[in-house]
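The values are calculated or read from the model by the stated rules, or taken from the named source; none is laboratory data. Fair warning: this is a prediction, and the values are worked out from it, not measured in the lab. Don't worry about glycine lacking a Cβ; one is built from the backbone with ideal geometry, like all the others, and counts go over all protein chains shown. The accessibility values were calculated without ligands, DNA or RNA, using every heavy atom of the protein model including side chains. Shrake-Rupley method; radii C 1.70, N 1.55, O 1.52, S 1.80 Å.
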Protein chains: 2
Amino acid sequence: MKTVYERADIVPLLAEIFRELGYEGTSLSRITERTGIGKGSLYHFFPGGKQEMAGAVLADVDGWFEHAIYQPLRKDDADQAIAAMWTNVNDYFCSGRRICLVGAFALDETRERFSAEIGDYFIRWIDALRSALMRAGCPEGEAQTLAEEGVAGIQGALVLSRALDDRMVFTRALDTLAKRLDAVMR
Amino acid sequence: MKTVYERADIVPLLAEIFRELGYEGTSLSRITERTGIGKGSLYHFFPGGKQEMAGAVLADVDGWFEHAIYQPLRKDDADQAIAAMWTNVNDYFCSGRRICLVGAFALDETRERFSAEIGDYFIRWIDALRSALMRAGCPEGEAQTLAEEGVAGIQGALVLSRALDDRMVFTRALDTLAKRLDAVMR
DNA sequence: CAATCATTGTACCGATCGGTACAATGATAA
DNA sequence: TTATCATTGTACCGATCGGTACAATGATTG
């Protein structure tokens, strides 16, 4: 018996493991244990080993945010895009049950491995949000501060809700942030 | 030649290493490499091994916050204590260069090892801040939300400033948070 | 059918992991 | 001085680490 995988199917599985265990905590044996995918397959699709696996996961995450969050913020109706951001972020992070892999990588030495990808992810999030805020009538300086506050607030809400093991904390924090940005736009 | 240590001197050294490398990323050999302390000494002071070392570091961090942040928030003049919190937090985290070990542990599976300590640290921070806010004239419901927002905001600012490798982001975020809490108090 | 080739399971590699055992060291106290 | 005892350096343990080699598998193509 022999199961055949595709690279595109493996990446989301890897993502969940890196999210839960972190980069250092993720070992090849635990990947095999939790997915059934052997080393042969893993090194066939990711010849660069663990580093390439994590890199592929980061690229996948980045692609999702670019499509689902950043592009709407840059191009669509500002009010609608910002409203959609809150609901999409709440769904994506499962109300705080899931964490942000990029944020987690930023905290420890894993950052050194992926500093470019990590920086890009947040820079583009903040820029896209600021763009939407300005189109909604917010002056530039205030829009930059608000955008940073919103993105940082989401990351902090993830930390806090996991620390307290309380998903309501995340949803509540998102709600407070949404109201704050809303208030400045009109 | 033989260097003699005390447990109290070792803990801060361990703290810095756990902060930079995370729990899984911190190995005994790297501790020895960066501190010169051998396994003999480490297991003499921490018979429980790595878990006890990290536990001692968490207790040390908790003690510092209890003394320098929480107690003033609960007992001293509210305005002064909150103002002191911002400057002390900015100093403690070196304007975002240092991260919060408790928050980092909360993000990955390390949380399972120390869930009680992690939960306590944040619960007491939020409670103390809410107490100060209420004494400063903030109604209870709003004080709870603001306290959570403040603590989460600090954690998010740490993530963001490290991700962007920009310490100004941290100082700016702290400033924005301070102004926000200040506005509601009067 | 035969040949090709992407994919997979498994055995194996040296290095490092967390942890233990214990003798050497050196300060303290009788 | 001698005995005691906390402290340390070092050698060692089995397990696991990330990674490699390669033959077996099986779908695809001519």
Rounded to the nearest 10 Å², the accessible area of A:Val4 at probe 1.4 Å: 120 Å²
For A:Gly55, label point 7 Å along C-beta direction: distances to other copies, nm: 4.1
Cα-based Kirkwood hydrodynamic radius, the protein assembly as shown, one decimal, Å: 21.7 Å
Axis-nearest residue of B (beta carbon) for the B-onto-A rotation, whole Å: B:Gly156, 1
q = 0.21 Å⁻¹, segment B:31-115: log10 I(q)/I(0) [Debye, one scatterer per Cα]: -1.08
Radius 13 Å from Cβ of A:Tyr43, net charge of other residues (Lys, Arg +1; Asp, Glu -1): +2
Tilt relative to chain A, helix A:50-65 - C-alpha long axis, 0 to 90 degrees, to 10: 30 degrees
Overall dimensions of chain B by Cα: Rg and Dmax, Å: 17.9, 62
Listed residue (B:Ser95, A:Gly63, A:Ala136) projecting farthest to the positive dipole end of the protein assembly as shown, Cβ model: A:Gly63
Cβ-vector label at 7 Å, A:Glu109, separations to other copies in nm: 2.0
Too-long pairs where the Cα-Cα distance tops 32 Å, listed order kept, from B:Lys75/B:Lys179; A:Lys39/A:Lys75; A:Lys75/A:Lys179; A:Lys179/B:Lys50; A:Lys50/B:Lys50: A:Lys39/A:Lys75; A:Lys179/B:Lys50
Across the identical copies, how the A:Ala83 labels are spaced - nm, sorted shortest first, 7 Å along Cα→Cβ: 4.3
Total accessible area lost when A and B pair, probe 1.4 Å, Å² to nearest 100: 3300 Å²
Between helix B:167-185 and chain B: long-axis angle, C-alpha atoms, 0 to 90°, nearest 10: 40 degrees
Residue-level accessible surface for B:Arg135, protein heavy atoms, 1.4 Å, Å²: 110 Å²
Over chain A: helical MRE at 222 nm, DSSP H runs n ≥ 4 each giving -39500 (n - 2.57), nearest 500: -25000 deg cm²/dmol
In degrees, nearest ten, helix B:78-92 long axis to first principal axis of chain B (Cα): 30 degrees
Accessible surface, the protein assembly as shown, averaged per residue in Å² (probe 1.4 Å): 44 Å²
Average partner coverage of A:162-173, which counts Cβ from other chains inside 10 Å: 5
Apportionment of accessible area to carbon and sulfur, the protein assembly as shown, percent (1.4 Å): 51 percent
Accessible surface ranking that places the most exposed of A:Asp108, A:Asp9, A:Asp182 first, with a 1.4 angstrom probe: A:Asp9, A:Asp182, A:Asp108
For B:His44, solvent-accessible area (1.4 Å; no DNA, RNA or ligand), Å²: 130 Å²
Averaged over A:91-100, number of beta-carbon atoms from partner chains that fall within 10 Å: 1
